[in-house]
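Every number here is computed from the coordinates shown, using simple stated rules; none is lab data. A quick note: this is a predicted structure, and the numbers were derived from the prediction, not measured. Neighbour counts are summed over all protein chains in view; Cβ atoms, including those assigned to glycine, are modelled from backbone coordinates with ideal geometry.
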Amino acid sequence: MPDKPNKTPVNTEHKFPEDLPQETKIRLDVAPGQHDAVRLDKYITLFVQNATRTKVQEAIKAGFVLVNDKQEKASYPVQPGDQIDITLPKPPPPEAEPEEIPLNIIYEDDDVIVVNKKAGMVVHPAFGNWTGTLVNGLLHHVGDLPEVDDENVRPGIVHRLDKDTSGLLVVAKNRQTHAHLSEQFARHDTKRKYWAVVWGHPESEGTIVGNIGRSPRDRKKMTVLDEDAGKHAITHYRVIEFFDYLSLVEVELETGRTHQIRVHFAHIGHPVLGDQTYGGASVRFGPNTGNRKKMFEYLFKRLGRQCLHAKTLGFVHPKTGEELFFDSELPGDFKEVLGKLRQFCKLM
């Protein structure tokens, strides 16, 4: 029995990845007359990138490969017209490892830690960011955190901030504390306020209402959807200070959806300054010439992110019942933005 195809196979878009963010399905249709009596494991290695013979044989043995909806052995001779379906299950995430990472810890006791997260830091390990996260740093600091999610590496994490959003986070040091804090966040009993610089002049205060979900045009982005789609989202805000064509706003969330502040303000035509994903990283209002142009070119480079900071955080301590409230200092890049705007963009 020959173990080589009649023709040299052509590489396809199919890959046998080393690290899977989610379950992956691959379908191969054997063309009539193209391959005759090639072993199943050999055929898959020819048409799926990164597929070694060993990995393929393990997948076949585990039942992740079906031929014409039936499980076959690795030695099965592939026939013209066969349909091969490969299912690669999402692997369990690796355990988070302690890493010596500088952290700005605002408060700590036996049950909770409050951290002022810097911009650019991912909160917990996930696909593409298994190291260098807040969780890695916390594990080095405290030694252990409670596992609270079977499918993700989020020990101790009660709530999150976007990678490029700075500000306050509370982390639970045991399961009881995590359950108690999670209930407070679910009931919206916590007190959280964000500061952001947005383009234009929204009303002095207001509420933005709009369901948020994945954009049908770009699955990496969120957007405001129709009432029968996405998740209900409500954002309250008030303007702290007006500049010529920008505003400093204080924001309070009634719901906690992914990218909620950024999506809602972009939806009403006032994207967050510096937000590359939602249209805030270019001059949206006012002239873009002379010193003003140079200033914004500098600010975009200086920020490299959305000008958004989780400034205050309040909650009831799970063990003592005491109401705790924390107010954080604005990071240096945010302060510099405000200084430049006050200097060059005074309200006329």
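Figures for the structure shown
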read-out	value
Over 19 Å between alpha carbons, listed pairs Lys221/Lys301; Lys193/Lys220; Lys163/Lys231; Lys118/Lys163; Lys163/Lys311; Lys191/Lys335	Lys221/Lys301; Lys193/Lys220; Lys163/Lys231; Lys191/Lys335
DSSP loop GluC sites (Glu not before Pro) with at most 15 other Cβ within 10 Å excluded, longest remaining stretch of the chain	24-94
Distance between modelled label sites at Asn104 and Glu205, nm, 7 Å Cα→Cβ extension	2.8
Estimated inter-spin distance, Glu58 and Asn288, nm [label 7 Å along Cα→Cβ]	5.1
Long-range amide H partners of Lys191 with built H, under 5 Å	Gly314, Phe315
Trypsin sites (Lys or Arg not before Pro) restricted to the stretch 188-220 and DSSP loop, no more than 13 other C-beta within 10 Å	Arg217, Arg219, Lys220
Phi to ³J(HN,Hα) by Karplus 6.51 cos²θ - 1.76 cosθ + 1.60 over the stretch 186-191, Hz, x for Gly, Pro	5, 7, 6, 8, 6, 10
Diffusion coefficient, µm² s⁻¹, Stokes-Einstein with Kirkwood Rh over alpha-carbon pairs of the chain at 37 °C and 0.692 mPa s	139
Inter-probe distance in nm under a simple model that places probes 7 Å from Cα toward Cβ, at Arg238 and Lys73	7.6
From phi via Karplus (6.51, -1.76, 1.60), per-residue ³J(HN,Hα) for the stretch 316-323 in Hz, x at Gly/Pro	8, 4, x, 9, 8, x, 6, 7
